[in-house]
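S.K.: Starting off with a structure, shown below.
The values are calculated or read from the model by the stated rules, or taken from the named source; none is laboratory data. Nothing here was measured: the structure is a model prediction, and the numbers come from that model. Note that each Cβ is placed from the backbone with ideal geometry, even for glycine, and that neighbours are counted across all protein chains shown. All accessible areas refer to the heavy atoms of the entire protein, side chains included, with ligands and DNA or RNA removed. Shrake-Rupley method; radii C 1.70, N 1.55, O 1.52, S 1.80 Å.
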Amino acid sequence: MSRIVVFGAGGRAGANVVAEAAGRGHEVTAVVRDPARYPELGGPGVRVVAGDVTDGGSVREAAAGHDVAVQVAARLDMSSEEFYTSATRALVDGLGRAGVSRLVALGIGTLLEVSPGVRLIDTPGFPADARAFSLGHAAELELLEASELDWVVIAPPPVLLDEKASRTGRYRFGDGRVPQAREGDPVFSFADLAVAVVDEAESPAHHRVQVAVSS
């Protein structure tokens, strides 16, 4: 059993990660900005706390005593680059001071390559607003690469994930390329994304790298 702290626990990805980790018997600290907004997060093995992933002191306080951190937070009230830069700096600082070396972060599939050296966001006609959001995640990667954390960024397919599909427990890791869809594969779900995230939290298999995950 591990102690896992989840930043951004109130979102679709975060709620699934909390449920998956708690369901396996882990002790989970679910970090949200306003716990009163997320009464459904509570339950056996789950402690819900207020915290700010963009503040190093708040990260340190929430992460102290844990074995691994999961970052699935996002904010739409500030630019993507501002948020992910602030959050990653705070995580590097706060986790370092808390003595937590392992970080599993949710990435974005648009930063995966469609051909050697060409990311999806660099292809002709890629929407400008989606590119701007994706570049926030690119800034996150650069800061993680410069840190001493044992991190992995898990990038789901660049499509809308299924938020209603039940957990199957099946997924496949790829590399830095956009996964090739196989005939008959369902749309990847938040529930199975959570399985992949918690597997990496339990038994780290990827280190200091961005990897694709898909059905």
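S.K.: Say we look at segment 43-54 and pick out the residues that are surrounded by 13 or more Cβ atoms within 10 Å (Cβ to Cβ) and over 20 Å from the mean Cα position of the chain (by Cα); which of these is farthest from Arg89 (Cα to Cα)?
M.R.: Here the answer is Gly43.
S.K.: Could you tell me which residue of segment 21-41 is nearest to the chain's Cα centre (by Cα), considering only residues that are part of a helix (DSSP H, G or I), surrounded by fewer than 24 Cβ atoms within 10 Å (Cβ to Cβ) and modelled with pLDDT of 95 or more?
M.R.: Narrowing segment 21-41 to residues part of a helix (DSSP H, G or I): 21-23, 35-37, 39-41.
Among the residues that remain, those that are also surrounded by fewer than 24 Cβ atoms within 10 Å (Cβ to Cβ) are: 22-23, 35-37, 39-41.
This time we only want the ones that are modelled with pLDDT of 95 or more, so: 22-23, 35-37.
Details: Ala22: 17, Gly23: 18, Pro35: 20, Ala36: 23, Arg37: 21 Å.
Checking each candidate, the answer is Ala22.
S.K.: Let me ask something additional. Can you confirm whether segment 132-140 contains a residue that is touching a Ser or Thr at 6+ places or on another chain (Cβ under 6 Å), assigned to a helix (DSSP H, G or I) and charged (D, E, K, R)? Quick ask: steps written out before the conclusion?
M.R.: The first filter runs over segment 132-140 and keeps only residues touching a Ser or Thr at 6+ places or on another chain (Cβ under 6 Å), leaving 133-134, 136, 139-140.
Subsequent filtering for residues that are assigned to a helix (DSSP H, G or I) retains 133-134, 136, 139-140.
Now drop any that are not charged (D, E, K, R), which leaves 140.
Among the residues of segment 132-140, at least one is touching a Ser or Thr at 6+ places or on another chain (Cβ under 6 Å), assigned to a helix (DSSP H, G or I) and charged (D, E, K, R), which makes the answer yes.
S.K.: Let me ask something else. Name every residue in segment 9-20 that is outside any helix (DSSP H, G or I), in contact (Cβ under 8 Å) with a residue 40 or more places away in the chain and open to solvent by 20 Å² or more (accessible area, probe 1.4 Å), in order of residue number. Even if it seems obvious, please write down each step before you answer.
M.R.: Restricting attention to segment 9-20, the residues satisfying the condition of being outside any helix (DSSP H, G or I) are 9-11.
Those left that are additionally in contact (Cβ under 8 Å) with a residue 40 or more places away in the chain: 9, 11.
Gly11, the sole residue that qualifies.
S.K.: Has segment 155-164 got at least one residue that is among the β-branched types (Val, Ile, Thr) and more than 26 Å from Ala22 (Cα to Cα)? Show your work before the answer.
M.R.: To start, the set of residues in segment 155-164 that are among the β-branched types (Val, Ile, Thr) comprises 159.
Filter once more, keeping what is more than 26 Å from Ala22 (Cα to Cα): 159.
Yes - at least one qualifying residue is present in segment 155-164.
S.K.: Is it the case that segment 105-119 has a residue that's out of contact with any Ser or Thr (no Cβ under 9 Å at 6 or more places or on another chain) and closer than 23 Å to Val32 by Cβ?
M.R.: So far as segment 105-119 goes, yes, one or more of its residues are out of contact with any Ser or Thr (no Cβ under 9 Å at 6 or more places or on another chain) and closer than 23 Å to Val32 by Cβ.
S.K.: Assess whether Arg60 counts as being over 24 Å from Leu160 (Cβ atoms), in contact with a Ser or Thr (Cβ under 7 Å, 6 or more places away or on another chain), surrounded by fewer than 21 Cβ atoms within 10 Å (Cβ to Cβ) and not acidic (Asp, Glu).
M.R.: Working: over 24 Å from Leu160 (Cβ atoms): yes; in contact with a Ser or Thr (Cβ under 7 Å, 6 or more places away or on another chain): no; surrounded by fewer than 21 Cβ atoms within 10 Å (Cβ to Cβ): yes; not acidic (Asp, Glu): yes.
No, not satisfied.
S.K.: For segment 147-183, how many residues meet the condition of being touching a residue at least 60 places away in the same chain (Cβ under 8 Å) and farther than 25 Å from Val118 by Cβ?
M.R.: Number of matching residues: 2.
S.K.: May I ask you to list pairs of residues, at least six apart or on different chains, whose Cβ atoms are under 6 Å apart, with the first in segment 24-43 being at positive phi and the second being part of a loop (DSSP other than H, G, I, E, B)?
M.R.: These pairs meet every condition: Gly25/Met1.
S.K.: Quick one: is Phe126 crowded, with 18+ Cβ neighbours inside 10 Å, at negative phi and not charged (D, E, K, R)?
M.R.: On the way: crowded, with 18+ Cβ neighbours inside 10 Å: no; at negative phi: yes; not charged (D, E, K, R): yes.
It is false that Phe126 is crowded, with 18+ Cβ neighbours inside 10 Å, at negative phi and not charged (D, E, K, R).
S.K.: Could I ask something else about it? Of all the residues that make up segment 171-195, how many are over 12 Å from Ala155 (Cβ atoms) and at pLDDT 95 or above?
M.R.: Going residue by residue through segment 171-195, those that are over 12 Å from Ala155 (Cβ atoms) are 171-172, 180-187, 189-192, 194-195.
From the residues that got through so far, the ones that are at pLDDT 95 or above too are 171-172, 189-192, 194-195.
Matching residues across segment 171-195 total 8.
S.K.: If you take the residues of segment 165-200 that are outside any loop (DSSP other than H, G, I, E, B) and among the β-branched types (Val, Ile, Thr), which of them is nearest to Ala21 (Cα to Cα)? Write out each step before concluding.
M.R.: At the first step, the residues of segment 165-200 found to be outside any loop (DSSP other than H, G, I, E, B) are 172-173, 177, 189-200.
Still in the list and also among the β-branched types (Val, Ile, Thr): 195, 197-198.
Values: Val195: 8, Val197: 9, Val198: 6 Å.
Taking the candidates together, the pick is Val198.
S.K.: If you check Asp93, Asp77, which single one turns out to be on the phi < 0 side of the Ramachandran plot, open to solvent by 50 Å² or more (accessible area, probe 1.4 Å), part of a loop (DSSP other than H, G, I, E, B) and of a type in the set (Asp, Glu)?
M.R.: Values: Asp93 fails: part of a loop (DSSP other than H, G, I, E, B).
The match here is Asp77.
S.K.: In segment 105-119, is there at least one residue being open to solvent by 70 Å² or more (accessible area, probe 1.4 Å) and farther than 30 Å from Leu95 by Cβ?
M.R.: Taking every residue of segment 105-119 in turn, at least one turns out to be open to solvent by 70 Å² or more (accessible area, probe 1.4 Å) and farther than 30 Å from Leu95 by Cβ.
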